[in-house]
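The values are calculated or read from the model by the stated rules, or taken from the named source; none is laboratory data. If you're wondering where the values come from, they're calculated on a predicted model, not measured in any experiment. Virtual Cβ from ideal backbone geometry, glycine too; neighbours counted across all protein chains shown.
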Amino acid sequence: MSHKVFRDAIHDMIALHREPHGPAPELADWGDALLLELINTPEMQRLRRIRQLGTAYWVYPSAEHSRFSHALGVMHLAKQIVAALGQRHPGLLRNQTALAIRVAALVHDVGHGPYSHAFESLNDGGPRHEIWSWRILSRPNSGLRRAISAHASRLYLNEEEFLTDVGQILGALPAEGLNRLGRQIIASQLDADRMDYLLRDAHFTGVSYGRYDLAWLLHSLRAAQVEGQWRLCVDLSKGPAALESHIEARDHMYRQVYDHKSVRGFDIQLIHLFRILRAHIDQHGAPPPETPSALQRFLLRDPKQDDNGAVADYLNLDDSVIACAIGQWAALPDADCASDLMAELRHRSRSLRDRAGLYKRLHWREGDSDGLWPEDRPAAEAVIRDADAACALALFIQQQAHTPLSVTGNDGKSRNLPLALLVYVDQLERAPYAHLRYQAGHAEPVYAIDGAGRAMAAERISERIDFLGREKRRMARVYVDPRAVKAITALLQRQFRHPQLRLATRDHDG
C-alpha cells in the first residue's frame, strides 16, 4: 500500500497510508487519507508560520520550529498509542473512535494565534486558543470541514457524529464513553501532546533536560477500568523509571526553558507592546495606518460578528503578520510620533526588532531581617518565593496602574506613561505532577498498573512521583522597563510595605 512519509527530526519517519484502494486494514491506519488531506488544508498549513515557542527564539537561536511540525508529531504518537491499545485490547476502540483520536491530535493546536500565548493579551477577554480550535474545525465550508465531509462519505461515517467525537476528544464538548479515553490521549498528564513537545522543544533549544525513554513509555501503555471508566495507564510492573523520567523532564523544561527569565522577559515586552497598541485604538478608534491589513481587520472586528467572519479574520494572523507590524511601527517617521503612545509604540517596536532595551528584574529580600547584622540578612534575589508577598505586590502595582511616570525615549524626548506599561509582576505556579491527594477534582492523576495487576494513581506506586506531586513551585519576578527602574524603585520604596518583602538596594539585572 502506498505511503506518504514525512521526515522528522524527533520521530525520524512519520508515515501515513494514501489509501488509494480503500481504508487501510489496521486500526491505527484506518482513514489515514483523511489525515493527509487535513494536513494540506490552509488551516493546518498556517501552523508552519507560527513558532512553537513564541519569543523563545530570541533566547535560544535554534528554537525556530513550528506548531506544524509539533502537530505532526502529536498525530504520530497518537497513532502509536492507538496501535498499542488495539494490540493489547482488541475490540476496545472502534475504527471511528481511533480515527477521531488521530484527527484531534493533528488539529489540537490549529487555534493558536501568533507568538503563542502572548497574543492572547491583545485579545483580552476573547476566546482562548482551545475555543478557536473548535470554531475553526466546526466552521462550515472550512478546508478542515470539507475534508471531513468528503472522507466521512468515503468511510461510511455519520459526519455530525464523527465531528462530535472529535469535539469531545478535543475537550470542546463534554466527553462521553470511550471518547474520555481519547481525551486522555490528547490532553492529560500522560498525553501525546507533552510526549512530543518535551522532546521537540529540548532538541530545538539545544538542551538535554527534556529527554526521556519514549519507546519504553509507549511500550508500557495499557487501558484499564478505574471506577467503571476506561483509563490510559502505564504498566509499572517492570519499574517506574520511564514514567518518572517523563515527569522529571517536564519539570526541568519548565525550569530551564519555558520559564527562563529572558524568555518570560520577551513575552512581557510583547505583552506591553500589545497593550500600547490597544490603548492607541481605545484613544483613536483605529490602529496606526501602517498596521498590516490582516491585523487591522482582526482588531477592528465587530464583537457581534458571526463566528464565520471572526474565524476568517483570525486565520489571517500568524507570526509573519506580527513581525511585519513591528517592522512597520519601528520605521514610523517623527511626523507620525507626535503623541506619547505613537512614540512609545515606535520605541518598543525598535527594541523588539533589534533585541535591545531588555527588561530588568528587581531584586528583593524576603523574611524579617530587622535587627540582623548585614552579613546575616537574606541574600537579595530576583525571584520572590513568598506567594502572599507576591500577591500583595501585584495588587499594589494594579492599584497604581494609571500612575504616570516620565521616561525618555531613544529620540531623547521625555514622555509620560502609566505604570501598567512599564512594570509587570510575573507570577508563576508550577507542579511537575498533579498529585491526586492535593489536586483532586482539578486534574486526573496518571494511573499505573502494579505487579499484581491493580490500577491506581502512580504516586501510590512510585515514591519519586509522590515526591514530585508534593512539590509545587511558586515564584514571581518583577520586570521593569530599563528607563523606569529608578522611578519605580523610588515609588516602591516610598509606598509599598510588606513584613516579609523588601526591595533590595542594589543594581537590577536583565
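Residues are listed down the side, and each one gets a yes or a no for (1) assigned to a loop (DSSP other than H, G, I, E, B); (2) of a type in the set (Ser, Thr, Tyr); (3) free of Cβ contacts under 8 Å to residues at least 40 places away in the same chain:
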| position | (1), (2), (3) |
| --- | --- |
| 133 | no, yes, yes |
| 140 | yes, no, no |
| 148 | no, no, no |
| 165 | no, no, no |
| 174 | yes, no, yes |
| 181 | no, no, no |
| 189 | yes, no, no |
| 194 | no, no, no |
| 197 | no, yes, no |
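Looking at segment 162-169, can you tell me whether even one residue there is out of contact with any strand residue (DSSP E or B) (no Cβ under 8 Å at 6 or more places or on another chain), crowded, with 17+ Cβ neighbours inside 10 Å and either small (Gly, Ala, Ser) or in the same structural domain as residue 231 (by TED's automatic domain parsing) (or both)?
yes
Being among the aromatic types (Phe, Trp, Tyr) and at pLDDT 95 or above is the filter; apply it to segment 189-211 and report the residue that is farthest from residue 469 (Cα to Cα).
So, considering only residues that are among the aromatic types (Phe, Trp, Tyr) and at pLDDT 95 or above, the one farthest from residue 469 (Cα to Cα) is 204.
List the residue pairs whose Cβ atoms are under 7 Å apart, where the first residue sits in segment 97-120 and is closer than 26 Å to residue 152 by Cβ, the second is among the acidic types (Asp, Glu), and the two are 6 or more positions apart or on different chains.
Listed pairs, sorted by first residue: 97/165; 100/165; 108/193; 110/43; 111/130.
Among the residues of segment 61-70, is any within 24 Å of residue 322 (Cα to Cα), touching a residue at least 40 places away in the same chain (Cβ under 8 Å), in contact with a Lys or Arg (Cβ under 7 Å, 6 or more places away or on another chain) and surrounded by fewer than 19 Cβ atoms within 10 Å (Cβ to Cβ)?
Scanning segment 61-70 turns up at least one residue that is within 24 Å of residue 322 (Cα to Cα), touching a residue at least 40 places away in the same chain (Cβ under 8 Å), in contact with a Lys or Arg (Cβ under 7 Å, 6 or more places away or on another chain) and surrounded by fewer than 19 Cβ atoms within 10 Å (Cβ to Cβ).
Looking only at segment 322-369, which residues are touching a Pro at 6+ places or on another chain (Cβ under 8 Å) and outside any loop (DSSP other than H, G, I, E, B)?
322, 324, 325, 328, 329, 336, 342, 345, 360, 365, 366
State which residue pairs qualify: first residue assigned by TED's automatic domain parsing to the domain that holds residue 333 and inside segment 276-294, second residue crowded, with 17+ Cβ neighbours inside 10 Å and charged (D, E, K, R) in any location, beta carbons under 8 Å apart, and separation of 6 or more residues or different chains.
276/344; 276/348; 294/313
Of all residues in segment 7-22 being touching a Leu at 6+ places or on another chain (Cβ under 6 Å) and touching a residue at least 40 places away in the same chain (Cβ under 8 Å), which is nearest to residue 262 (Cα to Cα)?
Out of the qualifying residues, it is 10.
Return the residues of segment 170-187 that are closer than 30 Å to residue 249 by Cβ and out of contact with any strand residue (DSSP E or B) (no Cβ under 7 Å at 6 or more places or on another chain); say none if nothing qualifies.
Residues satisfying the conditions are 170, 171, 172, 175, 179, 182, 183, 186, 187.
Which residues, taken from segment 1-50, are under 23 Å from residue 208 (Cα atoms) and buried (at least 20 other Cβ atoms within 10 Å of the Cβ)?
10, the sole residue that qualifies.
Consider segment 377-409. How many of its residues are under 16 Å from residue 424 (Cβ atoms), loosely packed, with under 15 Cβ neighbours inside 10 Å and touching a Leu at 6+ places or on another chain (Cβ under 9 Å)?
Residues that pass the stated criteria total 2.
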